[in-house]
Amino acid sequence: MRLLRLAALALAGLLLAPFAHAQLIPSFGVTGGVNFGSLNDVAGADLENSTGFHVGVYGDVGIGPLALRPALLYLRSGEVQAGASTVTADFVTLPIDVKFQTPTPVVKAYALVGPEFRFPVGEGNALVDTKSTNVAVNVGAGVSFNPPLVGPSGFAEVRYALDVSGFAEALDPAISDDYKLSLFMIRVGFGL
């Protein structure tokens, strides 16, 4: 009888190990992907190179069906043509995603939502005043692979970042709107 209890306890430990790993040990890794930008309808502005990329690092910690995944990324979205002048639209971004994930042990589907703070890098020009901080809202879905107790983890996802605050203001009084850059992204990540 005692041997049967020990066997049952050992089996329960093996079955619950993936959940303990996912909850107690945060994962860190690298991430990157491609993005496709769109610019709001500002008079005389055009997004020249709308295909860009993003690369960076992330952390991921979860408890049950919820997880938090902050990241620090370099995002190159392209160049905005404003009249005869060109404005770079490159950022250092800090997305803070809240993930709602399936409670499966190895492969997890998830949905995410969260804010993204963008800090422009590069030069402005005489036609726009680049803001020091830009805020966007992310929504997306993906799938992650988390082998129990060993090996690297990974994820693949699609997401959309809706620009809320705009990244630059036009200095021309005839243009009343801010420049807003929204992005559709395809991203993969690999962690430990």
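Being at pLDDT 95 or above, in contact with a Gly (Cβ under 6 Å, 6 or more places away or on another chain) and not charged (D, E, K, R) is a property that Thr88 lacks.
Does region 101-117 include one or more residues that are over 24 Å from Val61 (Cβ atoms) and either modelled with pLDDT of 80 or more or part of a strand (DSSP E or B) (or both)? Checked against the condition, which is being over 24 Å from Val61 (Cβ atoms) and either modelled with pLDDT of 80 or more or part of a strand (DSSP E or B) (or both), region 101-117 yields no hits at all. Within region 39-66, restricting attention to residues that are hydrophobic (A, V, I, L, M, F, W, C) and at pLDDT 90 or above, which residue is farthest from Arg118 (Cα to Cα)? That would be Leu66. Return a yes/no flag: does region 25-33 have any residue that is at pLDDT below 90, of a type in the set (A, V, I, L, M) and closer than 15 Å to Ser182 by Cβ. Among the residues of region 25-33, not one is at pLDDT below 90, of a type in the set (A, V, I, L, M) and closer than 15 Å to Ser182 by Cβ, which makes the answer no.
The residues in region 162-192 that are at pLDDT 85 or above and in contact with a Pro (Cβ under 8 Å, 6 or more places away or on another chain) can be counted, and the count is 2. Among the residues of this structure, Gly83 does not count as one that is more than 21 Å from Ser132 (Cα to Cα), at pLDDT below 90 and in contact with a helix residue (DSSP H, G or I) (Cβ under 9 Å, 6 or more places away or on another chain).
The values are calculated or read from the model by the stated rules, or taken from the named source; none is laboratory data. Nothing here was measured: the structure is a model prediction, and the numbers come from that model. Glycine gets a Cβ as well: all are built from the backbone with ideal geometry, and neighbour counts include every protein chain shown.
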